[in-house]
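Novice: I am attaching a structure below and will ask some questions about it afterwards.
No lab work stands behind these numbers, since they all come straight from the coordinates. What you are looking at is a predicted structure, and each value in this text was computed from that prediction instead of being measured. FYI the Cβ positions are ideal-geometry reconstructions off the backbone, even for glycines, and counts take in every protein chain you see.
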Amino acid sequence: MITFRPIYGVIPIPVIYSRRLLGPWGSGRSYGVLVAIDPAKRHDRGLLEHELQHCRQFYRSLGLNALLYFLSKRHRYRQEVECYAVQLIYSENPTQDVGTFASYIHRHYGLGTYVTPTDARQRLSYEYYLRSSAVR
Ligand SMILES: [Zn+2]
């Protein structure tokens, strides 16, 4: 199944519900110009918004973020914190999920010793606070 979700109000992002485009870990994946979501998670709004935020990162960097994401731990860390903060906005239990997502950031993005779970939790909490308290 495929749907389209606009970002920035004008850019249609294809959302493909299929496990084939996913990596070895995770229920969603962004390819910059399109998003893949596990069909079992099709009602997970936070997951979708996380992946769409990666598409915004792609377009606002004119595609450069895709390269930086793979080359720079600092950049990858920043991008994931931003997307997990967006995901938290849609969480029914952000207090619990901030710890879960911080753990994901620490374990699943090749950040190794670059970021501890405590670092990730503090930074994610701060980013979430800024985004959730902003006028939307
Ligand atoms: Zn992500």
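Novice: Give the percent of DSSP beta bridges with both residues in the chain that are antiparallel, rounded to the nearest 5.
Specialist: About 75 percent, rounded to the nearest 5.
Novice: Just subtract the alpha-carbon distance of Thr100 and Leu71 from 0.36 nm times their residue separation and send over the number in nm, one decimal.
Specialist: Gain on stretching Thr100 to Leu71: 7.9 nm.
Novice: Here's a follow-up. Calculate, in nm to one decimal, what Tyr59 and Thr3 gain on full extension: separation in residues at 0.36 nm each, minus their alpha carbon distance.
Specialist: 18.2 nm
Novice: For the stretch 35-136, which GluC sites (Glu not before Pro) are in a loop by DSSP, counting at most 12 other Cβ atoms within 10 Å?
Specialist: Taking the stretch 35-136 and a limit of 12 other Cβ atoms within 10 Å, the loop GluC sites (Glu not before Pro) found are Glu92.
Novice: If I model a spin label as a point 7 Å beyond the Cα along the Cα-Cβ vector, how far apart are those points for Ser132 and Lys41 in nm?
Specialist: 2.0
Novice: Quick check: convex hull of the Cα atoms in the stretch 72-136, volume per residue, rounded to a whole Å³?
Specialist: Roughly 72 Å³ of hull volume per residue.
Novice: A follow-up question, please. Just to be sure I understand the model, the point goes 7 Å from the Cα along the line to the Cβ. What's the resulting Thr116 to Val33 distance in nm?
Specialist: Computed distance between label sites Thr116 and Val33 equals 4.3 nm.
Novice: A further question on this structure: Per residue Cα convex hull volume for the chain, in cubic angstrom?
Specialist: In the chain, the Cα hull volume divided by residue count equals 109 Å³.
Novice: For the peptides 54-63, 30-39, what is the packing order when you average, over each peptide's residues, the other Cβ atoms within 10 Å and list the highest mean first?
Specialist: Final packing ranking: 30-39, 54-63.
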